[in-house]
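Working notes, beginning with the structure itself.
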Amino acid sequence: MNDRSPVFVGNWKMNKNASQTRSFVEAFLPLAAQLPPSVGIAIAPPFTALAAAAAALGSGNRVALAAQTMSEFAEGAYTGEIAASMLAEFNVAYVILGHSERRLYQHESDATIGAKVRAALAAEITPILAVGESLEVREAGNAVAHVLGQIRSATGDLSEEQAARMVLAYEPIWAIGTGKNCDRESAQEIARAVRAARKGFADIPILYGGSMKPENAAGYMEMPDIDGGLVGGASLDAGSFAALIAGAIAR
Ligand code: 13P
C-alpha cells in the first residue's frame with residue numbers, strides 16, 4: 001500500500017550514459033543521505049544505464065530506481081521492448097507510464113498504457129501514471145475532463161486494491177521543459193479531481209511535473225493534494241535535484 005509521504009522522481013529522459021550515471025549517483029548519494037528518510041527519492045535513467053545505476057546505488061535503498069517505460073507484454077517477439085521481469089532484475093521499484101512524450105512520439109494509446117499499468121502491478125513495480133493536457137485543451141476549459149478521461153481508460157478495470165498501489169503524476173504538456181510551470185492552484189484543482197477520480201486513489205501519492213525547480217517546488221507541496229514531483233531538467237544535476245527536494249519539504 002502507498003501512503004502520502006512525499007516522493008520525488010527524477011525523469012532523466014534520453015540523457016546520461018552509464019558513466020555519467022555513475023558520476024551522478026556518487027555525487028547524489030551523500031546529498032540524499034541528508035534528506036529525511038520519510039521522503040521517497042527515485043531516479044529514472046535510460047535503460048542502458050540501469051545496471052550502472054543499480055551498481056552505484058549499492059545495497060542501500062535511500063534512492064530507488066525507476067524506469068521510463070516498459071512493455072505491456074511479458075516476453076516474446078517485440079523488438080526493442082523491455083519487460084517488467086527485466087526491470088525487476090535491477091530492483092526497479094517504479095515505472096513511469098503514459099508520459100506525454102511517449103503518447104506523442106511513440107503513439108501510445110490509453111489502451112496500451114492501461115495494459116502497461118496492469119503488467120507493472122502484476123510484477124509488483126509501482127506504476128507512475130502520467131496524465132496531462134495540451135495548451136489547446138486547457139484553453140478550451142477541458143483540462144479536468146481530459147485528465148479524468150485518461151485515468152478512466154488506463155485504470156477503469158483495476159480493483160480498488162490495485163489502484164491503491166499506484167502513483168499518479170499530473171504533468172500539463174505545455175509546462176514540460178518550457179520553464180512555464182503550472183500555477184499551483186490550477187495544479188491543485190487537477191490533483192483534487194484525480195484523487196476523487198476512482199476508488200483506491202484516496203491515499204496515493206499525486207505528483208506534479210512540468211518545470212518543477214528548486215525555486216517553485218515548495219509552493220506545490222503546500223497544496224493539499226500534491227505529494228511530490230516528477231522532475232525532468234532539474235533532476236539531471238545532483239546538486240539541483242537535492243536542493244529541489246530539500247526546498248520542497250522544508251517548512
Ligand atoms: P521538466 O521538469 O524538464 O519540465 O520535465 C518534466 C517531465 O516531463 C518529467 O517527467
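So how strong a dipole does the chain carry about its Cα centre when Lys and Arg Cβ are +1 and Asp and Glu Cβ are -1, to the nearest 20 debye?
280
What residues from region 208-246 fall in the zone where the backbone N is under 16 Å from a label point 7 Å along the Cα-to-C-beta line of GLU26?
Output list for this probe position: 238-239.
At what distance in nm do the modelled label points of ARG251 and GLU161 sit from each other, each positioned 7 Å from its Cα along Cα→Cβ?
Those two pseudo-labels are separated by 3.3 nm.
Taking +1 at the Cβ of each Lys and Arg and -1 at the Cβ of each Asp and Glu, which of MET70, ALA154, VAL231 sits farthest along the dipole of the chain towards its positive end, judged by Cα position relative to the Cα centre?
The Cα lying farthest towards the positive end belongs to VAL231.
Which far-off residues, 5 or more places away or on another chain, put their amide H under 5 Å from the one on LEU97, with H placed in the peptide plane?
Amide H neighbours of LEU97, under 5 Å, 5+ apart: ILE128, LEU129, ALA130.
Among DSSP beta bridges whose residues both lie in the chain, state the antiparallel percentage, nearest 5.
0
If I take every Cα pair under 8 Å that is 6 or more residues apart in region 73-146, average their sequence separation and divide by the length, what percent do I get for the relative contact order?
It comes to 34 percent, rounded to a whole number.
Taking amide hydrogens as modeled 1.01 Å from N in the peptide plane, which residues meet the under 5 Å criterion relative to GLY229, leaving out close sequence neighbours?
Here VAL7, PHE8, VAL9, TYR208 satisfy the definition.
Go through region 36-51 residue by residue and turn each phi into a ³J(HN,Hα) via Karplus (6.51, -1.76, 1.60, θ = phi - 60°); whole Hz please, and just put x for glycine and proline.
Running phi through 6.51 cos²θ - 1.76 cosθ + 1.60 with θ = phi - 60° gives x, x, 6, 8, x, 10, 9, 10, 10, x, x, 3, 5, 10, 5, 5 Hz.
Provide the descending list of Cα extents for the chain along its principal axes, expressed in whole angstroms.
48, 45, 32
Tell me which lysines have Cα within less than 18 Å of LYS213's Cα, excluding those fewer than 8 residues away on the same chain?
LYS13, LYS180
Based on the alpha-carbon gyration tensor of region 148-251 and its eigenvalue square roots a ≥ b ≥ c, which shape applies: rounded if a/c is under 1.5, prolate if not and a/b is larger than b/c, or oblate?
Judged from the Cα gyration tensor, region 148-251 comes out prolate (a/c at least 1.5, a/b above b/c).
Need the full-extension length gain, LEU135 to THR178, defined as separation in residues times 0.36 nm minus the C-alpha distance. One decimal, nm.
Value of the extension gain: 14.3 nm.
Where does each of SER71, SER38, SER153 land when they are ranked from fewest to most other beta-carbon atoms within 10 angstrom?
Exposure proxy ranking, most exposed first: SER38, SER153, SER71.
If I model a spin label at THR79 and ARG198 as a point 7 Å from the Cα along the Cα→Cβ vector, what separation in nanometres do I get?
With each label point 7 Å from Cα toward Cβ, the separation is 3.4 nm.
No lab work stands behind these numbers, since they all come straight from the coordinates. Predicted model, so just to flag it, every value in this text is computed and none were measured. Neighbour counts run over all protein chains shown; Cβ positions are idealised from the backbone, glycine included.
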